[in-house]
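Student: The structure under discussion is supplied below as C-alpha cells; questions concerning it will follow.
The values are calculated or read from the model by the stated rules, or taken from the named source; none is laboratory data. Because the structure is a prediction, the values reported are computed rather than measured. Note that we place each Cβ from the backbone using ideal geometry, even for glycine, and neighbour counts take in every protein chain shown.
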Amino acid sequence: MKQLSSKRSIQILAHVLKQYNINHIVLSPGSRNAPLAVHFSEDNFHCYSIVDERSAAFVAMGMAKSLKTPVAVSCTSGSATANYYPAVVEAFYQNIPLLLLTADRPESYVDIFDGQTIRQNQIFHQHSYGDFQLKEDQETDAEEYNLDIVKKAVELCIEKQGPVHINIPLSEPLYNFVSEVALLPEIEKTLTVGKYELPSQLVATWNTHQRVMILLGTMDASPELSILLEQLVKNHSAVIFTEANSNQFHPKFFNHIDRYIFDFEEEDFIKYAPDLLITVGQNVVSKKIKQFLRKARPKHHWHVDPYWHPDTFSALTEAITSTHENFFTELIKKGRIEPQSYYNLWDVKRDKADAKHLEYCENVRFSDFMVYQSLAEQTPEAYRIHFSNSSAIRYAQLFNFSEKHHVYCNRGTSGIDGCTSTAMGFAIAEDQPTLLITGDLSFFYDINGLWNKYIPPYTRIIILNNGEGNIFRIIPGPSDANALEDYIATSHKMNAAHLAKHFQLDYFVVETPDELLRSLANFFKPSTQPKILEVNTKNEDNALVLKEYFKYLKS
C-alpha cells in the first residue's frame, strides 16, 4: 500500500509537477520536508538522495542542464535552505531551470528562536525569477490558492529557464499518510512562445557595415545554429569568435580568442575594431576580448539572447530578445551576405598565431599545458566534458575541445564551489559519458559532489594537481604579494587517493608524460565503477610554461 502525504498542499504540488512533466526530484534529509520526501518517493517521481544541500542544489542544476527541463530540489527548513544559494545564483546567471521546494515552520514561528527557523520566505529573491509561499491546508481557500501559485511558479521556471522558489510552511503532524489522493483538476497551461522578426533598421545596419564581428559566449550545442553561422563565414561575411563552451566549432571560426589578441596594443584596438558587434549567449571567459572590445568601442552592439542583455562592453545599442537560431535565420533571409576584407585582416593574424601554437606544442615539457593538449587530442568523442573554474576552463580555450565534444562550465558566477557536483548531476541524467576536468582546489572544495550512489560507471574525473590555485600565478597581481603561498594560491600537499577509495572510485595517478599517455587509453575503457585520474604536476612551473607559450606566440 502506498504511503502518500496527507498534506493537501503537497498533493497539489506533486499533481502540478506531473502535469508539466517535472519528475526528477533531488531530496536532502530532514523532518520538516519529510512529507515531500514521502510523497514524491511513493508517487512515481525519480528521486535522488543527496545529503549536503549545497551539493544537492548543484547536482539538480547539472541534471537540469542535461535534461533541459526543470529539476526540483527539496530540503528541510533553516540553514539547509540557505545552503542552496550558491547554486541558485549560478542557475540564475546561466538560465538553468531549478525549482526550489523548501519546507518551513509555520509562519508564526519565525524570529521566536524556534529550532531551524529563519526568515526563509523570499530568501532567494535577488537571484530568482519568482518567490512564492504556499498556504497551509487549514487556511482559507488554501486549495484554490495553492493550485494557482504552483502553476504560476512552474510556468515561470519554464519560461525564464531559471530558479524559482516555492516556500512551504508545514505544521505538525508531518507523518500522517494516505493511500489515495482526492481528484485534482487538469491544469490549463498558459505557456507562450514568442516569435522574432528582424526590424528593417537592423537589416539596414547590417547591410551598410563591412567590419562585423560575432562573439559567441556560453551556450548549449546547436546543430541548427552551426549551419546558420557557417553561411556567414563560408564567404567571409563576418568574423566569428567562439570559446570552448560556446559549443560551436568550424575551421573558419576564430576558436581561440586569447591566442590572437593577447598582445594587442593601442593601435591594434583601432586596426581590428568592429563597426558592428553581435554578441550571442551568455558569459564570456576571455578577459582579453572584454578589454579589447571595451577599448574598441564599436559603433553598434547587438546582444542576442532570450533572457539576458548585459552591456558588457559599454557599447550596447540593441537588446534582441530572441533565440539564437531565430535571429540568424531572419538575418540570413533578409540581410546581404557578401565577402568582406575584415575577415582577411583577422585571418592573416590567425594563421601566424596558429602556426606558432603548433610549433610550441611540439616541444612543450610536462606541465598542465601539456596535459590539456593531450586531453584535447585523446578524449573519446562521445564524452561530454565539464571544466571546473578557474584555470581549467582557461586552458581549455587554447585547444580544440569543442570540435568533437560538448563543453560545459559554471560560468554564471564562475565560482569553484559546485563544479564537481554539477558535473556529477549532469552525468546522472545524461545518456552519454561525462568527463570532469578539474583543478585540485575545485575538486577538494566540492568533494561532497561524490557523496551519492547514482554516479554512472562510465563517468570519469581528471584532476590536475599542481598543489595550489595556480591561476594566481598566471593572472597579473597576486604573484607580487607576500601572502601568495598561504592565503591566495593556498599551497597544499593533498592528493585524491584516499578520497577515491572512500567513495569507491577507481584511482590512478601519473607524474610523467609517458605515464600520462599510457594511462589515458586504459582510463577511458569501460569499467564497473567511475574512475579518477590524478595528474601530479606539483614539481613543474606551470605558470612559467604558460607565460612562455604566449611569449613564443609573439616572437
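Student: Considering only region 264-287, state which residues are within 29 Å of the chain's Cα centre (by Cα) and buried (at least 18 other Cβ atoms within 10 Å of the Cβ).
Tutor: 274, 276, 277, 278, 279, 280, 281, 282, 283, 284, 285, 286 - these are the residues of region 264-287 that are within 29 Å of the chain's Cα centre (by Cα) and buried (at least 18 other Cβ atoms within 10 Å of the Cβ).
Student: Which one is farthest from residue 137 (Cα to Cα), of the residues in region 179-222 that are in a loop (DSSP other than H, G, I, E, B) and among the β-branched types (Val, Ile, Thr)?
Tutor: 208
Student: Do the conditions hold for residue 318, that is, is it exposed (fewer than 15 other Cβ atoms within 10 Å of the Cβ), under 20 Å from residue 207 (Cβ atoms) and either among the β-branched types (Val, Ile, Thr) or assigned by TED's automatic domain parsing to the domain that holds residue 215 (or both)?
Tutor: The answer is no for residue 318.
Student: Something else: Out of the residues in region 421-442 meeting the condition of being without any contact (Cβ under 8 Å) to a residue 60 or more places away in the chain and not in a loop (DSSP other than H, G, I, E, B), tell me which one is nearest to residue 23 (Cα to Cα).
Tutor: So the residue we want is 434.
Student: Can you work out which of the residues in region 222-249 that are touching a Lys or Arg at 6+ places or on another chain (Cβ under 9 Å) and free of Cβ contacts under 8 Å to residues at least 40 places away in the same chain is surrounded by the fewest Cβ atoms within 10 Å (Cβ to Cβ)?
Tutor: Selected residue: 234.
Student: Turning to a different aspect of this structure: Going residue by residue through region 126-134, is there one that turns out to be touching a residue at least 60 places away in the same chain (Cβ under 8 Å) and either under 23 Å from residue 20 (Cα atoms) or of a type in the set (Ser, Thr, Tyr) (or both)?
Tutor: Yes, region 126-134 contains a residue that is touching a residue at least 60 places away in the same chain (Cβ under 8 Å) and either under 23 Å from residue 20 (Cα atoms) or of a type in the set (Ser, Thr, Tyr) (or both).
Student: Next question, about the same structure. Would region 132-146 turn up any residue that is surrounded by 13 or more Cβ atoms within 10 Å (Cβ to Cβ), outside any strand (DSSP E or B), touching a helix residue (DSSP H, G or I) at 6+ places or on another chain (Cβ under 9 Å) and polar (S, T, N, Q)?
Tutor: yes
Student: I'd like to know if region 245-252 contains one or more residues that are assigned to a helix (DSSP H, G or I), out of contact with any Ser or Thr (no Cβ under 6 Å at 6 or more places or on another chain) and closer than 26 Å to residue 330 by Cβ. Talk me through it step by step, then tell me what you get.
Tutor: Here is the first cut: in region 245-252, the ones assigned to a helix (DSSP H, G or I) are 245-246.
Retained after the next criterion (residues that are out of contact with any Ser or Thr (no Cβ under 6 Å at 6 or more places or on another chain)): 246.
Remaining after also requiring closer than 26 Å to residue 330 by Cβ: 246.
Checked region 245-252: at least one residue is assigned to a helix (DSSP H, G or I), out of contact with any Ser or Thr (no Cβ under 6 Å at 6 or more places or on another chain) and closer than 26 Å to residue 330 by Cβ.
Student: Moving on. Look at region 32-55 and say how many of its residues are in contact (Cβ under 8 Å) with a residue 60 or more places away in the chain, touching a strand residue (DSSP E or B) at 6+ places or on another chain (Cβ under 9 Å) and among the small types (Gly, Ala, Ser).
Tutor: Of the residues in that region, 2 qualify.
Student: Looking at residue 78 and the list (1) farther than 14 Å from residue 181 by Cβ; (2) in contact (Cβ under 8 Å) with a residue 40 or more places away in the chain; (3) in contact with a helix residue (DSSP H, G or I) (Cβ under 9 Å, 6 or more places away or on another chain), which single condition is not satisfied?
Tutor: (3)
Student: Here's a follow-up. Could you tell me which numbered condition residue 121 fails, if it satisfies all but one of (1) farther than 29 Å from residue 192 by Cβ; (2) outside any helix (DSSP H, G or I); (3) not aliphatic (A, V, I, L, M)?
Tutor: So the condition that residue 121 fails would be (1).
Student: Please verify whether region 205-218 includes one or more residues that are outside the structural domain of residue 144 (by TED's automatic domain parsing), small (Gly, Ala, Ser) and surrounded by 16 or more Cβ atoms within 10 Å (Cβ to Cβ). So that I can check it myself, show each step before the final result.
Tutor: Filtering region 205-218 for residues outside the structural domain of residue 144 (by TED's automatic domain parsing) gives 205-218.
Those left that are additionally small (Gly, Ala, Ser): 217.
Filter again for surrounded by 16 or more Cβ atoms within 10 Å (Cβ to Cβ), leaving 217.
Yes; the residues of region 205-218 include at least one that is outside the structural domain of residue 144 (by TED's automatic domain parsing), small (Gly, Ala, Ser) and surrounded by 16 or more Cβ atoms within 10 Å (Cβ to Cβ).
Student: Could you pull out the residue among 510, 545 that is in the same structural domain as residue 372 (by TED's automatic domain parsing), over 28 Å from residue 49 (Cβ atoms) and either at pLDDT 95 or above or among the small types (Gly, Ala, Ser) (or both)? Don't jump to the end; show me each part of the working.
Tutor: On the way: 545 fails: either at pLDDT 95 or above or among the small types (Gly, Ala, Ser) (or both).
After applying the criteria, what remains is 510.
Student: Suppose the filter is modelled with pLDDT of 95 or more and charged (D, E, K, R); does residue 243 pass it?
Tutor: Spelling it out, residue 243 is indeed modelled with pLDDT of 95 or more and charged (D, E, K, R).
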